[in-house]
Each structure stands twice: as C-alpha cells, then as structure tokens.
Amino acid sequence: MTGPFLLLNEHDNVLVARQAAPEGASITLEAGEVQLARAIPLAHKVARHDIAEGMKILKYGMPIGIATRNIAAGEHVHIHNIRSAYTPTHALQDGDGVSAGVSQ
C-alpha cells in the first residue's frame, strides 16, 4: 500500500490519510486497485479491505468503533458508518462540564 495512506498496525482494517486524497484518486489495496469515491481529508480513514456490518474497526491494532453498515474496500470510514467502541453512549459537553444543548 502506497500513496497518501499509512498502515499503522498490521492488524488494522483501516488506513490513515497522511495527506489529503482527492476524489477519484487510485489507491492500491490488498485486493487490488480502487478509486476513491470521495475526497479523504488528512488523518481520516479508509477501509483496508471490505468490512462487514458489526465488525470492529481496528486502528493502532485496537478497536476504535464498530461498523454500522457494510463498508467497501477504499471507502471513507468515519462517523457516518461507525459507532464508538469506547462507551455505549456519549454526550458532548461545553467547557463548563454542562452537556451541550441541554437547557437548565
């Protein structure tokens, strides 16, 4: 695997963009060459190979999320197709520790 993506750990099923990659760019994966369906921003992830719904997303060899749908090799992996593997729920908080959007 070459180009703008980096494999951080041999067990990872995602690659991380070490530079922005434009839509249509060709990247070489284990299964062959794929074209990016969308631009991938710096530090975002793409699937190293097909990832089935419910599979753990591995980065640095550790689970960082769970696929909420099937993700094709070379597809952008982000909040639109994974959920957190850290905690079952998450609430955003403002700097004062109060949950954002919650009126008091």
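Key figures for this structure:
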| item | result |
| --- | --- |
| Paramagnetic reach from residue 43 in the stretch 1-33 [backbone N under 13 Å; point 7 Å along Cα→Cβ] | 17-20 |
| Calculated from backbone phi, Karplus (6.51, -1.76, 1.60) coupling profile of the stretch 22-38 in Hz, x at Gly/Pro | x, 3, x, 4, 8, 10, 9, 10, 3, 7, x, 8, 10, 9, 5, 7, 8 |
| Solvent accessible area, Å² - residue 10, 1.4 Å probe, full protein context | 140 |
| With DNA, RNA and ligands ignored, accessible area of residue 16 (1.4 Å probe; Å², nearest 10) | 20 |
| Cα shape, the stretch 44-83, gyration tensor, a/c 1.5 rule | rounded |
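The values are calculated or read from the model by the stated rules, or taken from the named source; none is laboratory data. The model shown is predicted, which means the values in this text are computed figures rather than measured ones. Every residue, glycine among them, receives a Cβ derived from its backbone with ideal geometry; neighbour counts consider all protein chains shown. Note: accessible area is taken over every heavy atom of the protein model, side chains too, but ligands, DNA and RNA are not part of it. Shrake-Rupley method; radii C 1.70, N 1.55, O 1.52, S 1.80 Å.
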